[in-house]
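Below is one structure, written out as structure tokens, with a few remarks after it.
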Amino acid sequence: MRVVTPKEFAEKHPQAKIPLLSWHQITRKADWQNLNEIKKDFSSVDYVGNNRFVFNIKGNDYRFISIIIFASQKLYIRFIGTHAEYDRIDATTI
């Protein structure tokens, strides 16, 4: 997967930096073809529709929404924020 990710979030939330780096290292090496394959690496990932997948970071302190295009092996982060910020958005349209 080629990961496109905002680095600014880790600067604003330093406690998320190590978990985000860990997620990024695993994801860069991934060759996922479907949700079941993602769940082998990240058991808490959820598919919310419209090619959007929600990952929990640092337990459940932070969440991000990504669009994953399996055919082209690309992942785009559409949202990253605290759990409270996530609760205020519609994950399927962001």
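The values are calculated or read from the model by the stated rules, or taken from the named source; none is laboratory data. Predicted model, so just to flag it, every value in this text is computed and none were measured. No Cβ is skipped: glycine too gets one built from the backbone with ideal geometry, and neighbour counts run over all protein chains shown. Remember, those area values only see protein heavy atoms, side chains included, never the ligands or the DNA or RNA. Shrake-Rupley method; radii C 1.70, N 1.55, O 1.52, S 1.80 Å.
Determine the gain in length on full extension of the stretch residue 29-residue 72; use 0.36 nm per residue of separation and subtract their C-alpha separation, reporting nm with one decimal.
Using 0.36 nm per residue and subtracting the Cα-Cα distance, I get 14.0 nm.
So, taking all protein chains as they sit and a 1.4 Å probe, how much accessible area belongs to residue 47, in Å² rounded to tens?
Roughly 110 Å² of residue 47 is accessible to a 1.4 Å probe.
Once you've got the GNM for the chain with C-alpha springs shorter than 10 Å, pick whichever of 57, 69, 26 has the biggest mean-square fluctuation.
Largest GNM mean-square fluctuation: 26.
Just the projected area, averaged over all directions, of the convex hull on the alpha carbon atoms of the chain: how many nm²?
Average projection, Cα convex hull of the chain: 5.4 nm².
How much mean residue ellipticity at 222 nm does the chain get from its helices, if each DSSP H run of length 4 or more adds -39500 (n - 2.57) and you divide by all residues, to the nearest 500 deg cm²/dmol?
Helix contribution divided over all residues of the chain: -8500 deg cm²/dmol.
With θ taken as phi - 60° and the coefficients 6.51, -1.76 and 1.60, list the Karplus ³J(HN,Hα) couplings across region 9-15 in order, rounded to whole Hz; mark glycine and proline as x.
4, 5, 6, 7, 10, x, 5
Using a simple charge model, +1 on the beta-carbon of Lys and Arg, -1 on the beta-carbon of Asp and Glu, nothing else, what dipole does the chain show about its Cα centre, in debye to the nearest 20?
Rounded to the nearest 20 debye, it is 260 debye.
Using θ = phi - 60° and the Karplus relation 6.51 cos²θ - 1.76 cosθ + 1.60, list the HN-Hα couplings for region 82-94 in order, rounded to whole Hz, with x at every Gly or Pro.
6, 4, 4, 5, 4, 5, 9, 10, 9, 4, 7, 10, 6
Could you derive backbone 3J(HN,Hα) for region 50-59 from the dihedral phi with the Karplus parameters 6.51, -1.76 and 1.60 (θ = phi - 60°), listing whole Hz in sequence and x where the residue is Gly or Pro?
6, 6, 9, 10, 10, 10, 9, 10, 6, x
Hey, in the GNM for the chain with a 10 angstrom Cα cutoff, which one of 30, 71, 16 fluctuates hardest?
Top of the fluctuation ranking is 71.
Among DSSP beta bridges whose residues both lie in the chain, state the antiparallel percentage, nearest 5.
Percent antiparallel among DSSP bridges in the chain is about 85.
With springs connecting C-alpha atoms under 10 Å apart, model the chain as a Gaussian network and identify which of 75, 21, 35 has the largest mean-square fluctuation.
Of the options given, 21 has the highest mean-square fluctuation.
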